[in-house]
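Every number in this text was worked out from the coordinates using simple rules, so none of it is lab data. Note that the structure is predicted; figures quoted are calculated from it, not measured. A quick note on method: Cβ atoms are made from the backbone with ideal geometry, for glycine too, and the neighbour counts reach across all protein chains shown.
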Amino acid sequence: MHDRDDELTAAERERFESLPREMMPSRLLEERIVSELHTRGYLGERQHVRRPAWRPSWNPFPIAAAAAGIALFASGLAVGQWMGARHTAETMLAMQRQDSANAAAAIQRTGSAYLSALGTLAQASTSSDPKEVARARMAAQNVLHEAANEMVRQAPDDPVSAYILQGLDQASKVKAASAPAPDKKKSLVWN
Amino acid sequence: MTPDRDLVEAVARDGDEVAFRELYRRHTPRLYPLVLRMVGGAEMDAEDVVQEAWVRAVSGMKRFRGESSFSTWLCAIGLNAARDHLRRRGRWGNTEDVTEVEIPVPPAAHGQRLDLERVIALLPAGCRAVLVLHDIEGYTHEEIARQLGIAVGTSKSQLFAARRAARALLTGTKEMSHARPG
């Protein structure tokens, strides 16, 4: 075998040893995997991040409702932007490697991802099928909830995100109370 | 600190998200660079493989008996997922093939010294896998052979070719930049 005369030199060994053994991927990956495991039914009930301990002295619900309306629209755009950003990063990487073919393909995928996200959002909101609209609304709420959760993680003192979470929780409690026969299993697919 | 075994049990038995997140944060920093190097430094691909590895791990957690550490078990799953990923992309060739091929050295790299991570990424997938597992992760040839499903002799040959090519790339010489495909 070759290994007899092919040992690493001390300098080479040192070079290999200097390479990092631990690295954390982007924060979004954890959320993506948790979401995937929920979708596949491997994880149980969703856990919510701890809310800030303080509570405002006035009723925050109207503000939360208004903020939720704006954030609902913004979260739709954010989904597109996130999808686009993922491809944009790919584009930058490809360009950095001077791989023009990959870069062109990545640019095309970026554009398609934006169009696809916006198109789906627009179609769902104008659909005459109430089930489809409800599904889209549920998906948008889910996105909003995840976004607000993430905001609270990033900035626990940010009142807007806390209001949104509070508003969504209250809304889901009201909905659950008024629903005649709530489904035990709730499955959302976020591709 | 809660032992891995208890967290694994909580995820397998109750689908406990908190336990899963704890396992994820504890073991992903070790899994990610291994997978990243296996797939040739493509971060998007590495994230997809890490996701696939965790999905496989969680779906098979009931089979985890604690004979090895959870980290070792997870990394083995990650390696399989990375190999499957490279196969799907047609980048995992016949590892037993001994025909020599030239490593596609980017034009900008000729005559230049390259960073070690970049050099590893440039190696053919089979050679790269053996180099990463042996010289970075510290696996023996027997462990590599078992993990990658190749002969021990093939692992040694691949390592020889990988080191030779890596040295050539690191010193910027062109004439030695050959390795066996994999």
statement: Note, segment B:9-18: 3J(HN,Hα) by Karplus (6.51, -1.76, 1.60, θ = phi - 60°), whole Hz, Gly/Pro = x, goes 5, 5, 6, 5, 7, 10, x, 6, 5, 5
query: Using a basic spin-label model with each label point 7 Å from the Cα along Cα→Cβ, how many nm lie between B:R118 and A:S18?
result: 1.5
In nm, spacing of pseudo-spin labels at B:A76 and B:M44 (7 Å Cα→C-beta vector): 3.3
query: What is the calculated FRET efficiency for B:T2 to A:A10, with r their C-beta to C-beta distance and R₀ = 35 Å, to the nearest 0.05?
result: 0.30
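How would B:D14, B:D48 line up from fewest to most surrounding beta-carbon atoms within 10 angstrom?
B:D14, B:D48
Sorting B:W54, B:W73 on the 10 Å Cβ count, fewest up front, what's the list?
Ascending Cβ contact count within 10 Å gives the list B:W73, B:W54.
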- line: Between B:R65 and A:L28, the FRET efficiency computed from the C-beta separation at R0 = 41 Å comes out, to the nearest 0.05, as 0.80
